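Quick note: the coordinates plus some simple rules give every number you see, no bench work behind them. What you see is a predicted model, and the numbers here were worked out from it, not measured in a lab. Here Cβ is always computed from backbone atoms with ideal geometry, including for glycine, and neighbour counts include all displayed protein chains.
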Amino acid sequence: MNYELSGKLVEKFDIQKIGENFQKREFILEIVDSRNGTDYTDYIKFQLVKDKCSVLDNFGINEDIKVNFNIRGRKYEKEGRLNYFTSLEAWKLEKLVALRMDN
């Protein structure tokens with residue numbers, strides 16, 4: 001499934017090599033949701049994988065961006081115990097342009 005969120009880029013991390021053929025790069029998006037006069041702030045971690053890792057180089061901290069992503073879930077067994085994890089895998093980033101109002 002395809003999802004999208006918009007917010008402010010507040011942190012980006014270095015590329016992590018996970019194996020010979022796999023790498024990922026994580027980043028944090030700050031999203032402010034106003035409900036009933038109160039602001040609620042969430043910090044959402046996304047990851048870019050493989051050849052998409054360098055896409056983040058074109059974006060600066062505190063820049064407003066839109067992220068298109070998929071939700072991925074995996075299971076794995078370690079030391080006889082079954083575990084699960086979920087990741088938000090970004091596949092497209094766009095800069096958001098602030099609307100300018102002239103008087």
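Yes/no matrix, rows are residues, columns are (1) free of Cβ contacts under 8 Å to residues at least 60 places away in the same chain; (2) aromatic (Phe, Trp, Tyr); (3) out of contact with any strand residue (DSSP E or B) (no Cβ under 6 Å at 6 or more places or on another chain):
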{"site": "3", "(1), (2), (3)": "no, yes, no"}
{"site": "12", "(1), (2), (3)": "yes, no, no"}
{"site": "26", "(1), (2), (3)": "yes, no, no"}
{"site": "39", "(1), (2), (3)": "yes, no, no"}
{"site": "60", "(1), (2), (3)": "yes, no, yes"}
{"site": "68", "(1), (2), (3)": "no, no, no"}
{"site": "78", "(1), (2), (3)": "yes, no, yes"}
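Residue 51 falls short on exactly one of the conditions (1) part of a helix (DSSP H, G or I); (2) more than 27 Å from residue 20 (Cα to Cα), and that condition is (2). Would region 75-88 turn up any residue that is in a loop (DSSP other than H, G, I, E, B), in contact with a Cys (Cβ under 7 Å, 6 or more places away or on another chain) and not hydroxyl-bearing (Ser, Thr, Tyr)? No: zero hits.
None of 28, 44, 61, 65 is surrounded by 10 or more Cβ atoms within 10 Å (Cβ to Cβ) and more than 25 Å from residue 1 (Cα to Cα) except 61. Being of a type in the set (A, V, I, L, M, F, W, C), surrounded by 16 or more Cβ atoms within 10 Å (Cβ to Cβ) and without any contact (Cβ under 8 Å) to a residue 60 or more places away in the chain holds for only one residue in 55, 49, and it is 49. Looking at region 90-99, is at least one residue within 15 Å of the chain's Cα centre (by Cα), on the phi < 0 side of the Ramachandran plot, surrounded by 13 or more Cβ atoms within 10 Å (Cβ to Cβ) and not in a strand (DSSP E or B)? Within region 90-99, not a single residue is within 15 Å of the chain's Cα centre (by Cα), on the phi < 0 side of the Ramachandran plot, surrounded by 13 or more Cβ atoms within 10 Å (Cβ to Cβ) and not in a strand (DSSP E or B).
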